[in-house]
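Notes follow once the structure below has been shown.
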Amino acid sequence: MSEENTQPTPEPGEDQAPADAMDEALAELLDEAAAGQQSAEASAEPESETDQLKALVAERTNDLQRLHAEYANYKKRVDRDRALSRAAGIEAVILDLLPILDSIEAAREHDELVGGFKLVAEEFEKTASKYGLETFGEVGELFDPQIHEALMALPMDGELAGPTVSAVMQRGVRLNERVIRPARVGVADPDA
């Protein structure tokens, strides 16, 4: 063996203080390293807990935003459905009342709309118009097949710009700009 690798072994009577000091220094270094590793682990745990809490908060925030959007969409849908139901109810009532409106119009044409009945008829028409009801179809209007129903061809005097309403058999009815009954008319056509 070489002399470099061999260390003198202390004799039982020699002082062992330098070896003990080295052992203590080594033990201190090992303790410091272990303490440093534990503090690093301890500091890593709160960071991972913080990261976990941040992830949980982000997840809950996303859930809350999604829930809020679903509620907003639900509310819009319910409001739209409520408005459609109300409009359908009004239309059903107006359709049931059309014969009464036709009778009032016929009484007006024959000058039989007088006295208290006239006041009732005017109030009835005013209430119906409050809900968007309007009547249309006058002699002299240009014929429009989307709002008029031609029942017959009738002659009409004068210069005509195109097919024109020459007689009104039954007035048309619109409810909120939607035709619920076309006007039944006689049409004069200059080309015929």
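The values are calculated or read from the model by the stated rules, or taken from the named source; none is laboratory data. Source: prediction; values computed, not measured. For neighbour counting, all protein chains shown are included, and Cβ atoms are generated from backbone atoms with ideal geometry for every residue, glycine included.
When restricted to residues that are at pLDDT 90 or above and of a type in the set (S, T, N, Q), region 165-192 contains 1. Scanning region 104-123 for residues that are surrounded by 12 or more Cβ atoms within 10 Å (Cβ to Cβ) and in a helix (DSSP H, G or I) gives Ile104, Glu105, Ala106, Ala107, Arg108, Phe117, Lys118, Val120, Ala121, Glu122. Here Gly132 passes the criteria (1) in contact (Cβ under 8 Å) with a residue 24 or more places away in the chain; (2) within 23 Å of Ala107 (Cβ to Cβ); (3) in contact with a helix residue (DSSP H, G or I) (Cβ under 9 Å, 6 or more places away or on another chain) except the one numbered (2).
Quick one: is Glu159 of a type in the set (Asp, Glu) and modelled with pLDDT of 90 or more?
On the way: of a type in the set (Asp, Glu): yes; modelled with pLDDT of 90 or more: no.
In short, no.
Residues of region 167-185 that are buried (at least 19 other Cβ atoms within 10 Å of the Cβ) and among the small types (Gly, Ala, Ser): Gly172, Ala183.
I'm told Val139 meets every condition in (1) at pLDDT 90 or above; (2) closer than 18 Å to Glu105 by Cα; (3) not in a strand (DSSP E or B) except one. Can you identify the failing condition by its number? Looking at each condition in turn, Val139 falls short on (1).
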